[in-house]
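Each value in this text was obtained by applying a stated rule to the coordinates, not by laboratory testing. As the structure is a computational prediction, the values presented were derived from the model and not from experiment. Neighbour counts are summed over all protein chains in view; Cβ atoms, including those assigned to glycine, are modelled from backbone coordinates with ideal geometry.
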Amino acid sequence: LVVDASNAIGRPIPETLFGIFFEEINHAGAGGLWAELVSNRGFEAGGPNTPSNIDPWTIIGNESSIIVETDRTSCFDRNKVALRLEVLCDSEGDNICPAEGVGVYNPGFWGMNIEQGKKYKVIFYVRSTESLNLTVSLIGQSSVGNLASSTITGNAADFSNWTKKETLLVAKATDHNSRLQFTTTTKGVIWLDQVSAMPLDTYKGHGFRTELFEMLSDLKPKFIRFPGGCFVEGEWLRNAFRWKATVGPWEERPGHFGDVWMYWTDDGLGYFEFLQLAEDLGALPIWVFNNGVSHNDEVDTSVVLPLVQEALDGIEFARGDPTSKWGSLRAAMGHPEPFDLRYVAVGNEDCGKPKYQGNYLKFYHAIRSAYPDIQIISNCDGSSRPLDHPADMYDYHVYTNANDMFSRANAFDRTSRNGPKAFVSEYAVTGKDAGTGSLLAALAEAGFLIGLEKNSDVIEMVSYAPLFVNANDRRWNPDAIVFNSFQAYGTPSYWVQLFFSESSGATLLNTSLQSNSSNSVIASAITFQSSVDKKNYIRIKVVNFGTSAVNLKISLEGLEPDSLQLSGSTRTVLTSGNVMDENSFSQPRKVAPIQSRLQNVGKDLNVTIPPRSFTSFDLLKE
Ligand code: AHR
């Protein structure tokens, strides 16, 4: 492998090349990155009519002690459903309540992770016909049982109207499978609505589950595409993500049923929170909006203007002046400064649908005229022939088997160097080569990414998909990060992305590879200043997709003598005993990069690249 390492030669890689794509799929947000512990907090999961669906809320007590139903008496106009608890038993008389009380509990998303010493803020809205004596508790499954509780009391007059109550619970033990419950032993009728339980220690207090946030931030993503995917489209337009329903006070958000991935979300992680997430990650937001096309229905171009206005309003919400109509709502939510929204994508995977092109042009021209600097991304693939419509970038998605993914390292070699650039916003090896996240899949993706890095004169952005999966709701395999209520690990595909975390904004060096195994070996080289120690490095990445070890001589041309330092130079290898090996909660780092110090550095390096491996050599420059 010859690397032209002279400083004069090389090509800048786009500052934005590597980022992430967050979709509300697999409970990535609700029950995932968004730290809210209560599921279906407004009791609307069955829709706005009653009886609605209270799942996963569960009744504590039997028919002779409590009647639980939904009605439409909420104080919130956009989500009228409330929970009505008619308590039939009492602390005295002939129908005595059980000692533990009657009421309801919410197990969250397959159990709440409650940890000793940590604080949880519980907020709920309550109304009552009688004096209130309501105990709010966090209950574990283990022998410890009651982890924390607080009792809310008051006269009937205090609670005859909807009243917001807030209590801070401090856990006295840890249980990863806990629940939040409301119980009473007092006869009367109580209504509950908009119940939230949030851990206090979320990232910057912004509501993101800290360890999941950190796994994202370790990737140093330069952009975040959100909130989907198919989630943006919906099976039917009525179930598509509509940003206006996800902003403002959380209590007033109606929530919606995502009918592609088949679950309810309370939309606590809404448009504002996505923009905040981008800002917290230091990543540029890329907002994908619905352009009037779902999987099964479409809005005719002649009547699409209200949706165009909705998109314009969304841009104003993100970056308008705090005195503007929608900018003022953002300011009221605590962010008077504009968010740095520079990119929007018109729809997801909709090119070819009957109304797409017509609708796209309406959005394109309206946005271009109102916000000339915003980069507009089309769903139509321009990698093999020029687009027939104006766009700043085009979306490219690929899900395929391992061999095909590896061979797609060359997919952009012949792409026109003149047209709009590619946004490879979804790629992954899927199917039996991938299982739920194999080394084989990751190596094929590594080869593909090396090809993209080399073609980064025509590729502006790249992101893997999907990002997250809650192991209790695998709607899509594989995914980059797997978690449950308290654990998380990266699949090999996650670790591959880490090898590219210094590539955005780096300089691509010319390389040429002469090898007997060149069909199964691919390499690239960059020079960069480390974001960690601010020192300058050359990073050479090599994928050996074949089944035999490869002896490689790496020749660094154009370097001044002694310009590399041995101490501080490393080799990092991702491999495993079996190419189908995967990580798991019990073995989270079975397939993970292993770093070692190099034994020698110089203008020529003789190295052995293990079979089925991904290796990077980081050579520290003087
Ligand atoms: O990443 C999973 C899905 O794959 C996305 O929602 C969609 O865009 C693609 O088909």
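Some points to look at:
- Within the same chain, aspartates and glutamates fewer than 8 places from residue 590 are excluded, and of the rest, those with a Cα less than 15 Å from its Cα are 581, 582.
- Distance between the pseudo-spin-label points of residue 201 and residue 548 (7 Å out from Cα toward the beta carbon): 5.3 nm.
- Candidate cross-link partners of residue 603 among the aspartates and glutamates, defined by an alpha-carbon separation under 13 Å and a same-chain spacing of 8 or more, comprise 4, 557, 560, 562.
- At a Cβ-Cβ separation cutoff of 4.7 angstrom, cysteine residues of the chain with no neighbouring cysteine are 75, 230.
- Loop trypsin sites (Lys or Arg not before Pro), region 547-622 (other Cβ atoms within 10 Å of the site Cβ: 13 or fewer; DSSP): 589
- Cβ-Cβ FRET estimate between residue 78 and residue 597, R0 fixed at 51 Å, reported to 0.05: 0.30
- At 1.002 mPa s and 20 °C, Stokes D of the chain from Kirkwood alpha-carbon radius, µm² per second: 81
- Cross-link table 222/535; 432/535; 220/362; 165/220, entries beyond 32 Å C-alpha to C-alpha: 432/535; 220/362; 165/220
- The chain - mean residue ellipticity at 222 nm from DSSP helices (-39,500 (n - 2.57) per run, n ≥ 4, rounded to 500): -4500 deg cm²/dmol
- Relative packing of 427-433, 479-485, 386-392, which averages over residues the other C-beta atoms within 10 Å, highest first: 479-485, 427-433, 386-392
- The chain: relative contact order as a whole-number percent, Cα under 8 Å and 6+ apart: 15
- Spatial separation of Cα centroids for region 221-280 and region 80-139, in angstrom: 29
- Reduced Cα scattering model of region 58-199, Debye log10 I(q)/I(0), q = 0.09, 0.22 Å⁻¹: -0.26, -1.40
- Cα-centred dipole magnitude for the chain, charges only on beta-carbon of K, R (+1) and D, E (-1), debye, nearest 20: 1260
- Theoretical FRET efficiency, 1/(1+(r/R0)^6), r = Cβ-Cβ of residue 325 and residue 118, R0 41 Å, to 0.05: 0.55
- Here residue 370 and residue 570 are evaluated by their C-beta separation; at R0 = 41 Å the FRET efficiency comes out at 0.25.
- Listed by chain and number, the lysines placed with their C-alpha closer than 17 angstrom to that of residue 204 are 118, 119, 121; residues fewer than eight positions away on the same chain are left out.
- Helix axis angle, 305-319 relative to the chain longest principal axis, alpha carbon, degrees: 80
- Note that region 531-544 has calculated 3J(HN,Hα) couplings of 6, 8, 9, 6, 8, 9, 10, 9, 10, 10, 10, 9, 9, 10 Hz, one per residue in order, obtained from phi through the Karplus relation 6.51 cos²θ - 1.76 cosθ + 1.60 (θ = phi - 60°); glycine and proline are x.
- Extension gain, residue 210 to residue 580: 0.36 nm times the residue separation minus the Cα-Cα distance gives 130.2 nm.
- Restricting the calculation to alpha carbons of region 389-471 gives Rg and Dmax of 13.3, 43 angstrom.
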